[in-house]
Amino acid sequence: MSYVNADQQAKISGLHIEEKDDPSFTDYESAIKCTLFASDRKFTIGGVVFSGPHPRITLIYSFICEFEMEGTILVTTNKDQPGMVGVLGTCLGKNRVNIDQFQLSRNKRGGEALSMIRVDDDLSESVLEQIRKQEGITSVCKIVL
């Protein structure tokens, strides 16, 4: 699949695509924002490509960030409260997981926070489960690219 036949492939897959300009998402010349709808759920993701092959994720739901998408990435949400970065770092450290990149964003003070953590090696299901059990953590997801 390429950008040339993306619309055709989307239709074959049963997807309905609409293109709309979003004046609130124009900080970058090469920005794109996608909102996916399924039943009563909605997911929004945005990104940019800087000069050369340097794509970055810059928006997930209402969280503004800048993250290079490659490798193994731990994505968590938690209550925006003191100590949550330490909870994540301590849990990863105890399991000998080294952090390569850490991006933190919150939707509003005292609301919810999003962490995107690229790690050097794979994350086992037991590490993910330990993080899920931590007080204040609301979601945990592993992405491998």
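The values are calculated or read from the model by the stated rules, or taken from the named source; none is laboratory data. These numbers were taken from a predicted model, which means no experiment stands behind them. Every residue, glycine among them, receives a Cβ derived from its backbone with ideal geometry; neighbour counts consider all protein chains shown.
Surrounded by fewer than 17 Cβ atoms within 10 Å (Cβ to Cβ), in contact with a Lys or Arg (Cβ under 9 Å, 6 or more places away or on another chain) and closer than 20 Å to residue 132 by Cα: is that true of residue 50 in this structure?
No; evaluated as a whole, the condition is false for this residue.
Inspect all residues belonging to segment 103-114 and state whether any of them is surrounded by 13 or more Cβ atoms within 10 Å (Cβ to Cβ) and over 23 Å from residue 22 (Cβ atoms).
yes
Tell me yes or no: at least one residue of segment 52-61 is on the phi < 0 side of the Ramachandran plot, in contact (Cβ under 8 Å) with a residue 40 or more places away in the chain and touching a strand residue (DSSP E or B) at 6+ places or on another chain (Cβ under 9 Å).
There is at least one residue in segment 52-61 that is on the phi < 0 side of the Ramachandran plot, in contact (Cβ under 8 Å) with a residue 40 or more places away in the chain and touching a strand residue (DSSP E or B) at 6+ places or on another chain (Cβ under 9 Å).
When the residues of segment 106-138 are narrowed to those that are closer than 14 Å to residue 84 by Cβ and of a type in the set (Ser, Thr, Tyr), which ends up nearest to the chain's Cα centre (by Cα)?
Filtering segment 106-138 for residues that are closer than 14 Å to residue 84 by Cβ and of a type in the set (Ser, Thr, Tyr), the one nearest to the chain's Cα centre (by Cα) comes out as 115.
For segment 1-42: of the residues being among the β-branched types (Val, Ile, Thr) and modelled with pLDDT under 75, which is surrounded by the fewest Cβ atoms within 10 Å (Cβ to Cβ)?
Step by step, filter segment 1-42, then rank; the result is 4.
Can you tell me which residues in segment 115-145 are more than 23 Å from residue 63 (Cβ to Cβ), exposed (fewer than 13 other Cβ atoms within 10 Å of the Cβ) and not charged (D, E, K, R)?
Residues satisfying the conditions are 124, 126.
Mind telling me which of the residues 85, 75 ends up being touching a Cys at 6+ places or on another chain (Cβ under 8 Å), closer than 16 Å to residue 105 by Cβ, surrounded by 11 or more Cβ atoms within 10 Å (Cβ to Cβ) and in the same structural domain as residue 117 (by TED's automatic domain parsing)?
Testing whether each residue is touching a Cys at 6+ places or on another chain (Cβ under 8 Å), closer than 16 Å to residue 105 by Cβ, surrounded by 11 or more Cβ atoms within 10 Å (Cβ to Cβ) and in the same structural domain as residue 117 (by TED's automatic domain parsing) leaves just 75.
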